[in-house]
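Have a look at the structure below before the remarks.
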Amino acid sequence: MLKRPSSRRRSAPAEVKINLVPMMDALVTMISFLMYTMAFLALTMVESPLPIVSNEQNLQEIKTPPLQLTLTVDDKDVLLWSPFDRIPQQSIPNLADGNVDLLKLHEALIGIKQKFTNETKIILVPKPTTSYDTIIAVLDAAKNLEKTDPVIVTKNEKTGVQEQVKELFSEVVFGNLLGGDE
Amino acid sequence: MASRSIRNRRGRKKIHQDFDLQLTSMMDILVIILVFLLKSYSTSTNSFSSVPGIKLPISKTQVLPPDSLHLIVTPEAITFENARVIEFVQSADALANTDQPSYNFKKEDLDEGGMRIAILYDALNRAREKAEVLRSKSTARDAEGKPLPFDGVLAIQADKRVKYDTLRKIMYTAGAAQFRVFHLLAMRQDI
């Protein structure tokens, strides 16, 4: 007696259907959450403390005069100088369009930082007509170190370990905030 | 009439049997949106918002501003904590050329040799006093058991065309009202 032929061979392959609805629900929920909590206004900040007027007695107590690096933004150029003549005065002329030559300024500041690796302060003296845009651009050039910039190494005074400098001059003070254009 | 009704019913039945919603393409779109959002996702702990008509400068600095008292300088006015404090005087040139607004103050709004903005000084002083009262009522105390001192942080969000002369007056006024640290806000440049 012959056996009944197997039904396996004859049956068509079963059609597999993935239920995408729960996955859709999860995706829509995630997108809603991300859009709700997302900060669309990407803000950043440059911190500057109010300058403090120091008395003459304190200055007399300091043995070596400080660098007190000063950056004066003028109509035609940018001046880098030290009131105690710790560095030769440098003048960086503006570009043909009247904007500050940020690349040359940044290079000059790197040169100063390489000599004074522990110095973190810079005094900014803009003209009354200097725009906020220019001030932020100059501060960017004075504060931030790019990846392509030369590596500057300094000795940590607390630990005695050599460390790479991450910022150029991070502490910015407006020199003429309390009065006077120079 | 009756025949149409039967036909409609038949048609409906047919659709019900064959209709299968294709969700795959919709899934693709949602996944793309999700990947885009995750890639450009950023959160912030502050409540700063922008106002129309203000053009912020762009900065490479990547420091997120913490929440603090917020002052906005638009071409028309100075706004402090969402309240318009003082309006600028617009010259004829500025009205003709909207790209170059003038940020001039009325003479009667200034004192201390034209350096301090009187109305802004009052507003900042009130905000400082309020913050000091809140700190005195707070349970947070310093090592000596005294209330935490006023932090004196002011975030300044200014239009990129604002001149330093205007900014200096604002910072001078804030300094007089015992604000010691200024956060100059800018748009973050993606590196």
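The values are calculated or read from the model by the stated rules, or taken from the named source; none is laboratory data. Note that the coordinates shown come from a computational prediction; the quantities given were computed from them, not determined experimentally. As a convention, Cβ positions derive from the backbone with ideal geometry for all residues, glycine included, and neighbour counts pool all protein chains shown. Just the protein is used for accessible areas: all its heavy atoms, side chains included, with ligands, DNA and RNA removed. Shrake-Rupley method; radii C 1.70, N 1.55, O 1.52, S 1.80 Å.
Reported count of residues in the range A:150-182, each being under 24 Å from residue B:58 (Cβ atoms), touching a residue at least 40 places away in the same chain (Cβ under 8 Å) and of a type outside the set (Gly, Ala, Ser), is 8. On the basis of being out of contact with any strand residue (DSSP E or B) (no Cβ under 8 Å at 6 or more places or on another chain), at positive phi, of a type outside the set (A, V, I, L, M) and within 13 Å of chain A (Cβ to nearest Cβ), does residue B:114 make the cut? It is true that residue B:114 is out of contact with any strand residue (DSSP E or B) (no Cβ under 8 Å at 6 or more places or on another chain), at positive phi, of a type outside the set (A, V, I, L, M) and within 13 Å of chain A (Cβ to nearest Cβ). The strands (runs of 3 or more DSSP E) found entirely in the range A:110-182 that carry 3 or more residues being open to solvent by 70 Å² or more (accessible area, probe 1.4 Å) are A:162-164. Pairs are defined by a Cβ separation below 8 Å, a sequence spacing of at least 6 or placement on different chains, a first member in the range A:92-110 that is more than 15 Å from residue A:71 (Cβ to Cβ), and a second member that is of a type outside the set (Gly, Ala, Ser); the pairs so defined are A:95/A:101; A:99/A:134. Scanning the range A:110-139 for residues that are within 24 Å of residue A:179 (Cα to Cα) and of a type in the set (Asp, Glu) turns up just one, A:133.
Tell me, yes or no, whether the range A:131-140 has at least one residue that is touching a strand residue (DSSP E or B) at 6+ places or on another chain (Cβ under 7 Å), at pLDDT below 90 and not acidic (Asp, Glu). No, there is no match, as no residue in the range A:131-140 is touching a strand residue (DSSP E or B) at 6+ places or on another chain (Cβ under 7 Å), at pLDDT below 90 and not acidic (Asp, Glu).
Here's the yes/no breakdown for (1) more than 14 Å from chain A (Cβ to nearest Cβ); (2) surrounded by fewer than 12 Cβ atoms within 10 Å (Cβ to Cβ); (3) part of a helix (DSSP H, G or I):
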{"residue": "B:126", "(1), (2), (3)": "yes, no, yes"}
{"residue": "B:150", "(1), (2), (3)": "no, no, no"}
{"residue": "B:155", "(1), (2), (3)": "no, no, no"}
{"residue": "B:161", "(1), (2), (3)": "no, no, no"}
{"residue": "B:167", "(1), (2), (3)": "no, no, yes"}
{"residue": "B:175", "(1), (2), (3)": "no, no, yes"}
{"residue": "B:178", "(1), (2), (3)": "no, no, no"}
{"residue": "B:185", "(1), (2), (3)": "no, no, no"}
{"residue": "B:190", "(1), (2), (3)": "no, yes, no"}
